[in-house]
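> For reference, the structure I am asking about is given below.
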Amino acid sequence: MLIDAHCDTALILLEENSLRTLPAAAVDFARLNQTLDVAFTAIFFNGKKQRNPERTALILADRLLRDIEENSDIVCPLLCREQLLEGDCRTKLVLSLEGAELLGCDGELLALWHRLGLRSLGLTWNYRNDLASGCYEQGGLSKAGADVIKQCNELGIIVDLAHLAPEGFWQALDICQKPPLVSHAACYRLTKHCRNLDDEQLRAIGKAGGVVGITFVDEFLSAKGKAGICHFLRHLNHCLEQAGTEAVAIGSDFDGAKMARGLESIECWANIPKILADDGFTETEIVKICGDNLYRVLWNNLPKIR
Ligand SMILES: [Zn+2]
């Protein structure tokens, strides 16, 4: 089972009609289906630059859901845990939102988004919203932020702590009753970037039964840029040492940022099991990192039935 915790490809639907075949993108439905069993598909855009982010998010969700329906021979939405047991050759897509400003930070709209298929929610992008502070600013959770986490736990929506400022990260971890996700990040000890997690945070995610998706984003893997596979492996190894074998996963961020060399597209993802084996990871570790750890987080968060 191969699973990726974060791709931004859906944004392309603001310009293109379908995600089925996109030769210029890092991934498309057809190539995804050749490689991954499950992929988190984020609805993302910089909400600060939009006059009405809630509206744009709904338009994007509508286009994405229609596109998934029209390509139901190769993809389908992942809505409940039982679907994880189905031997289905389609790639299951986890609809996620990157930044609660895309739903107006409105807890009352969360149940509606859940009906639309939302199964993972990033509380913030890089800036502060009404729920919490992103990592470019300081501050913790608001009362509304704490309530939204509880609602996510009840509805079966994964709480994604990627992009949060540290204060909110710790508060959210305290409140969250289900295994949390940091969908796409790397290790601060190796690259001092505010989007990366320090050792204490890595250990806490491991302790909470959560997972960190180590990303392919060039600037998170190397402060000097020009990261390659060796940088990715260093971050993966460090995360494993700090958080434990059960807590490491992969969250590429395809089509959301500049990728490291050798990790530019979904074709590179397919090589990862072999790259890990060549680096000395055991078969058990490879299976967990490439999918089983995220499978566990999905299983423990998603609703039992649709
Ligand atoms: Zn992101």
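The values are calculated or read from the model by the stated rules, or taken from the named source; none is laboratory data. Bear in mind the structure is a predicted one, so any value in this text is a computation, not a measurement. Positions of Cβ are backbone-derived with ideal geometry, glycine not excepted, and every protein chain shown enters the neighbour counts.
> So which residues in segment 1-30 are of a type in the set (Val, Ile, Thr), away from the ligand (no atom under 16 Å from the Cβ) and assigned to a loop (DSSP other than H, G, I, E, B), if there are any at all? Talk me through it step by step, then tell me what you get.
We begin by selecting, within segment 1-30, every residue of a type in the set (Val, Ile, Thr); these are 3, 9, 12, 21, 27.
If we keep only those that are away from the ligand (no atom under 16 Å from the Cβ) as well, we get 3, 21.
Scanning segment 1-30 gives a single hit, 21.
> To continue, here is another question. Anything in segment 173-185 that is of a type in the set (A, V, I, L, M, F, W, C) and within 16 Å of the ligand (Cβ to nearest atom)? List them, or say none.
Result: 181, 182, 185.
> Go over the candidates 80, 89 one by one and state the one that is of a type in the set (A, V, I, L, M, F, W, C), without any contact (Cβ under 8 Å) to a residue 60 or more places away in the chain and either at negative phi or within 16 Å of the ligand (Cβ to nearest atom) (or both).
Numbers: 80 fails: without any contact (Cβ under 8 Å) to a residue 60 or more places away in the chain.
Just a single option satisfies the conditions, and that option is 89.
> To continue, here is another question. Restricting attention to segment 126-158, which residues are surrounded by 24 or more Cβ atoms within 10 Å (Cβ to Cβ), in contact (Cβ under 8 Å) with a residue 40 or more places away in the chain and within 16 Å of the ligand (Cβ to nearest atom)?
Those that are surrounded by 24 or more Cβ atoms within 10 Å (Cβ to Cβ), in contact (Cβ under 8 Å) with a residue 40 or more places away in the chain and within 16 Å of the ligand (Cβ to nearest atom): 132, 158.
> Further question: Residue 163 is checked against (1) touching a Phe, Trp or Tyr at 6+ places or on another chain (Cβ under 8 Å); (2) over 17 Å from residue 57 (Cα atoms); (3) away from the ligand (no atom under 15 Å from the Cβ) and fails just one. What number does that condition carry?
Against the list (1) touching a Phe, Trp or Tyr at 6+ places or on another chain (Cβ under 8 Å); (2) over 17 Å from residue 57 (Cα atoms); (3) away from the ligand (no atom under 15 Å from the Cβ), residue 163 comes up short only on (3).
> If I go through segment 272-301 residue by residue, how many of them are among the aliphatic types (A, V, I, L, M) and more than 15 Å from the chain's Cα centre (by Cα)?
Result for segment 272-301: 6.
> While we're on this one: Collect the residues in segment 203-226 that are in contact with a strand residue (DSSP E or B) (Cβ under 8 Å, 6 or more places away or on another chain) and farther than 20 Å from residue 3 by Cα, keeping them in residue-number order.
Selection gives 218, 220.
> Give the residues of segment 249-271 that are free of Cβ contacts under 8 Å to residues at least 60 places away in the same chain and either of a type in the set (S, T, N, Q) or in contact with a Leu (Cβ under 8 Å, 6 or more places away or on another chain) (or both), sorted by residue number.
Of everything in segment 249-271, those that are free of Cβ contacts under 8 Å to residues at least 60 places away in the same chain and either of a type in the set (S, T, N, Q) or in contact with a Leu (Cβ under 8 Å, 6 or more places away or on another chain) (or both) turn out to be 260, 271.
> So residue 36 fits all but one of (1) aliphatic (A, V, I, L, M); (2) under 26 Å from residue 87 (Cβ atoms); (3) within 16 Å of the ligand (Cβ to nearest atom); (4) touching a residue at least 60 places away in the same chain (Cβ under 8 Å); what number is the exception?
Only one criterion in (1) aliphatic (A, V, I, L, M); (2) under 26 Å from residue 87 (Cβ atoms); (3) within 16 Å of the ligand (Cβ to nearest atom); (4) touching a residue at least 60 places away in the same chain (Cβ under 8 Å) is unmet by residue 36, namely (3).
> Take the residues in segment 3-54 that are at pLDDT below 95 and of a type in the set (Phe, Trp, Tyr), then tell me which one is surrounded by the most Cβ atoms within 10 Å (Cβ to Cβ).
It comes out as 44.
> Scanning segment 31-50 for residues that are farther than 21 Å from residue 121 by Cβ and not in a loop (DSSP other than H, G, I, E, B), which turns out nearest to the chain's Cα centre (by Cα)?
Within segment 31-50, the match that is nearest to the chain's Cα centre (by Cα) is 32.
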